[in-house]
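Reviewing the structure listed below.
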Amino acid sequence: MKRSRFWTVLIVFSLIGQIAWVVENMYFNVFIYHMFNASPKEISLMVQASAVAATLTTVFVGALSDRLGKRKVFMVIGYLLWGVSILCFAFLRTDWIGVVFPTVANAAALGCALVIVFDCIMTFFGSSANDACFNAWLTDSTDDTNRGKAEGVNAMMPLLAILAVFGGTMWADTSNAAHWTILFLIIGGIVLVCGVLGLFLIEEPKGLLRQAAGYRETLLYGFRPSVVKANASLYWALLAFTVFGISIQIYMPYLILYYTEALHLSNYVLIMAPAILLAAVATALYGRLFDRFGYRRTLIPALCVLMLGYAVLYLFRHTAFVFVGSLLMMCGYLCGMAVFGARIRETTPVGMAGRFQGLRIVAQVLIPGVIGPAIGSLVLRGAETVLNSDGTTSFIPNANIFLWAGIALIPIAVLLLIESARNDKTARA
């Protein structure tokens, strides 16, 4: 594949995919909160259901793409259907639900249920296209000379996506159903266009062949004890990545609500934009350090920066400190993602990227997506509430989510020490 085409596909498909995930991960929570008065339990349930859907999809579709030796067809069709599924959210409104289901007594409760179901459907298409096959394509298309650089670019895309979505929604009133309709139509259309572009831009990685092993054997390959033993470094990285993800998911579903409802930052986009840009640049540069210094020497500083960001956000409420804390949090989060991503790609057996995407998504999405929001929901169980104009109540997130996110990071240090001791013992043997 030509170098220019590789970087074009990486940037376009990573950025557009992350824009869609930002809308899901950061705005579906706001959408269900404002449009259907969702509780912390309902937000937690939505995140957990989506995590399960993403994991099952990535496991089965990733193995299938390995079995068939194909990435492009899954990416193209996946992005097209992903776009269509996002467009469907434009029609989830209490006024329209009342028209379609006139006998339903509580349109808001039905709306919450429909959002959760539609989110799982959207996640199926998004995970097929992005989690399973785009990530496998990227692993197949990189090597020791450019893996860290590519992962640095890939890891900065969530921040650029946040910036694009924040900037693109400055006009929107999150309490206005019509504005949500416009937002979903725009995002769905962009993802559709990305799928069309894939027909002309994507090339199958060289050396990717149809697997002789059966689908069931391919599907279960990464879960075999013998495979775990033979690829111990990969599984240690996945375990640490799981803990990292739990920490992130404790606060992430409530982050925007914390800014807007607890801190009353109506201009949070203008405050966050510089932090996002600086963090994006830092992440792109930091990914290059992995190629030079390796896994541990780049992971530990990223985790320290993330922990410092949590501390600032927990201790301070002033806008200037919120900016500093958010910048540190984002830098640590995305640099950590870059390091984990590069390490997982580095230790994935050649030609088997698809069947290992399921394990990656278990570590990145399933376990963090189930445990993290559940912890966040427990932390906010006694949170302050406010009375809405329609007589319903809504919860106000508090800074305790950052305290518990920091506590959740501590086991990574233990895992790194255990892995280091095992490696030293193996080397001496």
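Here are the numbers for this structure:
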{"quantity": "Conditions (1) modelled with pLDDT under 85; (2) surrounded by 24 or more Cβ atoms within 10 Å (Cβ to Cβ); (3) not small (G, A, S): number failed by Y79", "calculated": "(1)"}
{"quantity": "Qualifying residue in segment 87-99 (condition: among the hydrophobic types (A, V, I, L, M, F, W, C), over 18 Å from the mean Cα position of the chain (by Cα) and more than 21 Å from I186 (Cα to Cα))", "calculated": "yes"}
{"quantity": "Residue within segment 168-188 that is within 20 Å of the chain's Cα centre (by Cα), surrounded by 22 or more Cβ atoms within 10 Å (Cβ to Cβ) and farther than 23 Å from M75 by Cα present", "calculated": "yes"}
{"quantity": "Residue list for segment 74-92, filter: under 24 Å from N135 (Cβ atoms) and either touching a strand residue (DSSP E or B) at 6+ places or on another chain (Cβ under 9 Å) or not polar (S, T, N, Q) (or both)", "calculated": "F74, M75, V76, I77, G78, Y79, L80, L81, W82, G83, V84, I86"}
{"quantity": "Which listed residue, of G382, G351, is surrounded by 15 or more Cβ atoms within 10 Å (Cβ to Cβ), in a loop (DSSP other than H, G, I, E, B) and at pLDDT below 80", "calculated": "G351"}
{"quantity": "Among residues of segment 154-181, those that are of a type in the set (A, V, I, L, M, F, W, C) and without any contact (Cβ under 8 Å) to a residue 60 or more places away in the chain, counted", "calculated": "3"}
{"quantity": "Selection count where residues are within 17 Å of S65 (Cβ to Cβ) and more than 17 Å from the chain's Cα centre (by Cα), scope segment 346-376", "calculated": "9"}
{"quantity": "Selection from segment 127-167 of residues that are under 27 Å from V61 (Cα atoms) and more than 22 Å from the chain's Cα centre (by Cα)", "calculated": "D143, D144, N146"}
{"quantity": "Segment 95-111 residues that are free of Cβ contacts under 8 Å to residues at least 12 places away in the same chain, paired with ones that are surrounded by 10 or more Cβ atoms within 10 Å (Cβ to Cβ) and of a type in the set (G, A, S) (beta carbon under 7 Å, 6 or more apart)", "calculated": "G98/A107"}
{"quantity": "Some residue of segment 331-338 being hydrophobic (A, V, I, L, M, F, W, C), free of Cβ contacts under 8 Å to residues at least 60 places away in the same chain and surrounded by 22 or more Cβ atoms within 10 Å (Cβ to Cβ)", "calculated": "yes"}
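The values are calculated or read from the model by the stated rules, or taken from the named source; none is laboratory data. The structure presented is a predicted model; accordingly, all values stated were derived computationally and were not measured. Note that each Cβ is placed from the backbone with ideal geometry, even for glycine, and that neighbours are counted across all protein chains shown.
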